[in-house]
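In what follows, a structure is listed as structure tokens, so that the remarks can point back to it.
The values are calculated or read from the model by the stated rules, or taken from the named source; none is laboratory data. On a predicted model such as this, the values are computed, not experimentally measured, just so you know. Quick reminder, even Gly has a Cβ in these numbers, built from the backbone with ideal geometry, and neighbours come from all protein chains shown. Areas reflect the complete protein model, heavy atoms only, side chains present, ligands, DNA and RNA absent. Shrake-Rupley method; radii C 1.70, N 1.55, O 1.52, S 1.80 Å.
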Amino acid sequence: MTSTDQHHVAHGGTLDPKGHNTLNPVSPDEKTWGWFAIFNIWANDVQSLFGYSLVASLFISYGVGGWTAFAALITAGLFVMWMVNLSGAAGEKYGIPYPVFARASLGTKGAKLPAILRATVAVFWYGVQVYFASTALSLLIRSITGAEGGSEIMGLTGIDWLSFVIVWAFHIVIFWRGMNWVETFLNIAGPFVYLVMIGLVIVLWQRSDGQLLSATATIFANPEGTFATEFKGFIAIVGTMVAYFAAVMINFSDFSRYAKDKPTMVLGNLAGLPLNMILFSALALLTTGGAAVVFGEEIINPTEIVERTDSVLLGIIAAITFFAATVGINLVANFIPAVNGIANLNPEKMSFRKAGLITSVFALVIGGFWTSVISQIGIGGFVNTLGATLAPIFGIMIVDYYWHRKEQLNEDDLYNMEGGVYHYDNGWNNAAVKAFVIAAIFSVATVWVPWFAFLSGYAWVIGAILGGLIYNAFAKDNVKV
């Protein structure tokens with residue numbers, strides 16, 4: 001352990017049992033992620049079953065033409081790219097994760113608030129996604145063996161429970177080996193899912209007798225559409241996709257810290273967001289359109305499309321694909337922010353592996369009780385409330401870093417939990433706390449007050465802007481570099 005590592009461990013950093021940094025700045029030899037790794041973060045983030053169904057439904061639900069929906073998806077990709085280039089710059093420059101970056105604006109103790117909020121949301125969805133990934137494995141086992149699984153316990157058959165435990169353990173194996181294994185899995189899963197999606201388009205193309213392209217162009221046409229309805233749908237789709245990526249936007253420094261340099265991060269985000277959205281959306285459009293031609297109805301769930309093809313081989317390949325896609329998004333959007341958030345609660349003692357095991361225990365409970373209990377309660381409002389409160393934090397962090405600090409941070413003081421310029425008033429930056437509370441009231445209201453429903457997915461963006469503006473008003477004389 002170097003003297004720098006010793007200093008960081010003593011002042012708010014932590015090392016895992018293998019000596020790898022958890023919250024400490026990554027070393028130059030750990031900054032190994034190229035643009036392709038960054039691309040695959042976004043590929044895995046959108047390639048889940050929910051991501052596909054969401055994109056496919058956008059072509060149908062908002063009553064707009066295919067080109068309008070396509071343009072809206074690309075616009076959303078460009079906007080999110082801009083946002084993550086802003087939020088990820090500090091992580092790339094200083095090698096620090098999101099919980100440490102938050103210390104600059106909220107204080108060494110105050111940063112625990114947004115970190116645990118993000119971790120709570122991530123832990124919940126981590127458990128849910130472990131369950132959904134297990135359904136793909138269960139489908140695979142049934143396809144190969146023809147078994148039914150027997151009687152149900154808590155809504156799951158024996159095969160379901162076996163699949164769930166295997167998938168849960170598989171996640172542990174990946175994170176136990178460290179971030180290099182996470183990167184490797186993402187790099188394999190992203191391209192593999194695309195290959196299978198392209199294969200599904202080819203199958204539908206053949207079954208539509210080559211009419212897929214011409215039919216797709218007419219299926220999504222809206223003869224009654226006007227400029228006003230198209231524009232309204234365009235805005236709604238952009239807002240929906242921005243909200244979809246909102247969680248990863250705030251903690252992108254958890255990943256950008258591993259990028260080789262800033263140009264690598266920027267190129268990876270360019271390929272991973274607008275360009276990835278073009279490719280993924282085109283495949284989703286063609287698949288949804290092809291299904292409408294072949295089966296005579298608009299189907300937005302790819303598993304149902306695969307089942308309709310009556311191909312055992314395609315069913316097996318699809319099950320593996322859905323498994324890889326769901327595990328991929330789980331690692332990106334849920335596992336890493338959960339681990340870093342939990343580690344930040346007690347950075348001197350909480351290793352990467354220990355925080356990962358705590359996350360896994362929560363996942364075991366949440367995923368195991370999902371079908372029989374949690375999904376019946378309607379806990380989504382609670383989780384969405386926590387997610388909404390993160391919007392002001394994003395605005396506060398960005399305004400603090402770019403406007404007040406001019407992109408300059410004191411790395412040693414970020415890890416000094418007892419003093420330094422980021423200790424503020426006993427570890428809390430009161431200006432940031434006030435801004436957070438005021439802006440969060442609006443953000444939470446958008447979840448619970450029906451009158452705000454017209455804002456659709458833009459509540460997150462507005463909450464972030466409010467947080468930044470209010471913080472700027474309170475913090476004029478309170479910020480030191």
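Out of curiosity, is Val421 in contact with a helix residue (DSSP H, G or I) (Cβ under 7 Å, 6 or more places away or on another chain) and part of a loop (DSSP other than H, G, I, E, B)? Show your work before the answer.
On the way: in contact with a helix residue (DSSP H, G or I) (Cβ under 7 Å, 6 or more places away or on another chain): yes; part of a loop (DSSP other than H, G, I, E, B): yes.
Against the criterion (in contact with a helix residue (DSSP H, G or I) (Cβ under 7 Å, 6 or more places away or on another chain) and part of a loop (DSSP other than H, G, I, E, B)), Val421 qualifies.
Assess whether Phe132 counts as being open to solvent by 50 Å² or more (accessible area, probe 1.4 Å), touching a Ser or Thr at 6+ places or on another chain (Cβ under 9 Å) and in a helix (DSSP H, G or I).
Details: open to solvent by 50 Å² or more (accessible area, probe 1.4 Å): yes; touching a Ser or Thr at 6+ places or on another chain (Cβ under 9 Å): yes; in a helix (DSSP H, G or I): yes.
The answer is yes for Phe132.
Among the listed residues Val399, Val437, which satisfies the condition of being touching a residue at least 24 places away in the same chain (Cβ under 8 Å), among the β-branched types (Val, Ile, Thr) and over 20 Å from Gly239 (Cβ atoms)?
Values: Val437 fails: touching a residue at least 24 places away in the same chain (Cβ under 8 Å).
Every option except Val399 fails the conditions.
For residues in the range 152-184 being in contact with a helix residue (DSSP H, G or I) (Cβ under 6 Å, 6 or more places away or on another chain) and of a type in the set (Phe, Trp, Tyr), which is surrounded by the fewest Cβ atoms within 10 Å (Cβ to Cβ)?
The extreme case among them is Trp181.
Considering each of Asn416, Asn472, Asn430 in turn, give the residue that is touching a residue at least 40 places away in the same chain (Cβ under 8 Å) and open to solvent by 60 Å² or more (accessible area, probe 1.4 Å). Steps first, please.
Numbers: Asn416 fails: open to solvent by 60 Å² or more (accessible area, probe 1.4 Å); Asn472 fails: open to solvent by 60 Å² or more (accessible area, probe 1.4 Å).
Answer to the selection: Asn430.
For residues that are within 23 Å of Ile317 (Cβ to Cβ) and polar (S, T, N, Q), scanning just the range 177-215, find the one that is modelled with the lowest pLDDT.
Residue satisfying both the conditions and the ranking: Ser208.
Within the range 401-413, does at least one residue satisfy the condition of being modelled with pLDDT of 90 or more, on the phi > 0 side of the Ramachandran plot and surrounded by fewer than 18 Cβ atoms within 10 Å (Cβ to Cβ)?
Taking every residue of the range 401-413 in turn, at least one turns out to be modelled with pLDDT of 90 or more, on the phi > 0 side of the Ramachandran plot and surrounded by fewer than 18 Cβ atoms within 10 Å (Cβ to Cβ).
Going through the range 2-29 one residue at a time, which ones are at pLDDT 50 or above, of a type outside the set (A, V, I, L, M) and either surrounded by fewer than 17 Cβ atoms within 10 Å (Cβ to Cβ) or under 20 Å from Asn334 (Cβ atoms) (or both)?
Thr22, Ser27, Pro28, Asp29
Determine if the range 358-376 includes at least one residue that is at pLDDT 85 or above, within 19 Å of Phe255 (Cβ to Cβ), touching a Phe, Trp or Tyr at 6+ places or on another chain (Cβ under 8 Å) and not hydrophobic (A, V, I, L, M, F, W, C).
yes
I'd like the residue in the range 433-465 that is open to solvent by 40 Å² or more (accessible area, probe 1.4 Å) and hydroxyl-bearing (Ser, Thr, Tyr) and, out of all such residues, is nearest to Met397 (Cα to Cα).
My answer is Tyr458.
Being in contact with a Phe, Trp or Tyr (Cβ under 7 Å, 6 or more places away or on another chain) and either modelled with pLDDT of 80 or more or open to solvent by 20 Å² or more (accessible area, probe 1.4 Å) (or both) is the filter here; which residues of the range 46-68 pass it?
Answer for the range 46-68, where residues must be in contact with a Phe, Trp or Tyr (Cβ under 7 Å, 6 or more places away or on another chain) and either modelled with pLDDT of 80 or more or open to solvent by 20 Å² or more (accessible area, probe 1.4 Å) (or both): Leu49, Leu54, Thr68.
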